[in-house]
Each structure stands twice: as structure tokens, then as C-alpha cells.
Amino acid sequence: MAVLLEAKNVSKFFGGVKALTDVSFAVKEGEILGMIGPNGAGKTTMFSCMAGVFPPTEGEVLMFGKNVNALPTHKRVEMGMARTFQNIKLFANCSAAENVMAGRHCRTKNWLLPTIFCTPGGRKEEKECRESALSYLEFVGLGEKSSLFARNLPYGEQRSLEIARALATEPKVILLDEPAAGMNEIEKDALQVLVQRIREELKITVLIIEHDMKVVMNLCDRIVVLNQGEKICEGTPQVVRTDEKVIEAYLGSSQGRRERFVKH
């Protein structure tokens, strides 16, 4: 399988604090790759390096084999990367459709003036943008709520809306930052189905940070484990759940808790 996204010996320092140290892994086309680790392990920092929020202090981030360290976030989006956030970032006072259209506009061709002055070309593209947004809302199960303000949607549906907005950018790889956070069991089950559909129906590769071990073990083909800014394990769910370094990082030496972890 082709490698879509890769970290090569990535380190990130904030002053004297080492958030990441020499982390390497690759995201292969068509897979769901999980990234896990205890709080403060460096997972979101790695996502931010991948997405262009800030560059690595050392090492490289590669998209389709190209070094993108100096490339801003919007250029990475144009290349085919999208992400969601640990803390939901929506336009609260805009409708669900408008939120998704905001993501879709990176694929439109008209500049600002044709839209402002409602030229025929501007109207045509705006209509196509709205239709596309509605199709992504339908895909995530929000088709009947396109006119509702984002702030009025339940928490789980706000998560789905953020995913729909990311999908509207037509990514080749999507980075999901703790999408199951705050969800109940029914919502988590629905999320797993949605992520599988993103991979299988839309042919989009997925990199996901998640704390819920059941979600990770059910969804992911491979898992990368970080602890204190370093990669301590990489492999299939079966390999990761029995790795001594992983169990120690999460649970310490409690035998009962270790056994429950392995059974997930």
C-alpha cells in the first residue's frame, strides 16, 4: 500500500519542554491507523505537526512523499488532508449546512467578488456548494437537520457535523482527534460505523486519536502508542494490547487492571 502521510524522526520542543522525541510512523492508503497513549503523551502535538499548526523542531512530515514542514494548514488541506479537533470547533451561530459549506469552499473556483455580487457563475457555484454540503450531512446522518444552528445540535451530532465539514474538503486522509470523547455507548457505536463507512465508501484513509480502548481495538488496523512524547509500540490491536510497555504506561503494575486491559 502507498504511504499517504509520514512522520520521520519528528521532535517538537516548546522552550525546554520536549513534547515529542524522535517519533516515526507511516499512514498507509486505505487503513485506519490509531494513535493512543496516556494523557500528555504528545498525541495532539503530533496531530498539530501533521496538520501544519506548527512545524516540527526536528524531523520531517511528509505528504505523498513531499516534505510539508513549511507548508501552512490550508495548503495541506488543498493537498488532501483534513482534521477534526479534540475540542469541537464549529461556527455555533451558523446552520449545519453553512458549517459544511465553509469546509467545501476550499474546492470552489470563484473568488469573493462573484459571490458578493451574485454573478451567474457565483450563484451556480454556491448552489453546487450547498448541494454538496447537504450530501455530506446526509452521509453522517444529519440530513434532516441542515437548517439548525450548530449550537442547537446535541453533542454527538456536533461531532458528526465537524466530521461532515472535514469530509467536504474532499480529503485523501482525515485526522480525527478524540471523536468519541463525551459520547455515550450508542453514540460510540454509531461513530464506529461512520468511520468504517468513511474508509469503505468514500475511500478515505483515517488517522484517529482515541482514549476509548474498545473503539480503538474495534476500528483500527494498526495502532501507534505514544508515552511521554516517545513511540513505545506500533502494531496490530492484538500486538498492542499485550505489549508490556503499553500496559505499564496505562496501568502500572496492578494485575487485575492489566488483565482487563488485555481483554478489551
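General observations
- Accessible surface of the chain [probe 1.4 Å, protein heavy atoms]: carbon and sulfur percent: 53
- Region 1-157 - accessible surface per residue (Å², probe 1.4 Å): 51
- Members of LYS89/LYS127; LYS66/LYS203; LYS18/LYS89; LYS75/LYS124; LYS172/LYS214; LYS18/LYS75 lying beyond 23 Å, as alpha-carbon distances in this model show: LYS89/LYS127; LYS18/LYS89; LYS75/LYS124; LYS172/LYS214; LYS18/LYS75
- Distant-in-sequence amide H partners of ARG222 (H built 1.01 Å from N, under 5 Å): ILE32, GLY34
- Sequence-distant residues sharing a close amide H with ASN69 (under 5 Å, placed H): VAL61
- Backbone HN-Hα couplings from phi across region 40-55 [Karplus 6.51/-1.76/1.60, Hz, Gly and Pro as x]: x, 6, x, 5, 5, 4, 5, 4, 5, 5, 5, 7, x, 5, 8, x
- For region 131-179 versus region 1-36, the gap between their alpha-carbon centres in whole angstrom: 26
- Couplings 3J(HN,Hα) for region 231-248, derived from phi with the Karplus relation 6.51 cos²θ - 1.76 cosθ + 1.60 (θ = phi - 60°), are 7, 10, 6, 8, x, 5, x, 5, 5, 5, 5, 10, 6, 5, 5, 5, 4, 5 Hz, where x marks Gly and Pro.
- In sequence order, region 72-82 has phi-based couplings of x, 4, 5, 6, 5, 4, 4, 6, x, 10, 9 Hz under the Karplus curve 6.51 cos²θ - 1.76 cosθ + 1.60, θ = phi - 60°, and Gly or Pro positions carry x.
- Between the beta carbons of GLU244 and ASN67, assuming R0 = 41 Å, the FRET efficiency works out to 0.70 to the nearest 0.05.
- Three-way shape call for region 135-218 based on the alpha-carbon gyration tensor, with the a/c threshold at 1.5: oblate
- Angle between the chain longest axis and helix 155-167 axis [Cα atoms, degrees, rounded to 10]: 70
- Sorting the segments 29-36, 84-91 by their residues' average number of neighbouring beta-carbon atoms within 10 angstrom, most packed first, yields 29-36, 84-91.
- Degrees, to the nearest 10: 120-139 long Cα axis against longest axis of the chain: 40
- Highest mobility in the GNM of the chain, judged by mean-square fluctuation with C-alpha springs under 10 Å and restricted to MET50, MET81, MET183, is found for MET183.
- Annotation: amide H-H contacts under 5 Å for ALA41 (H modelled 1.01 Å from N, sequence separation of 5 or more, or interchain): GLN228.
- Choice from PHE54, PHE149, PHE14 showing the highest fluctuation, given a GNM over the chain with Cα pairs closer than 10 Å: PHE14
The values are calculated or read from the model by the stated rules, or taken from the named source; none is laboratory data. Just so we're clear, the structure is a prediction, and the values are computed from it rather than from any experiment. Every residue, glycine among them, receives a Cβ derived from its backbone with ideal geometry; neighbour counts consider all protein chains shown. These accessible areas exclude ligands, DNA and RNA; they are computed on the full protein's heavy atoms, side chains included. Shrake-Rupley method; radii C 1.70, N 1.55, O 1.52, S 1.80 Å.
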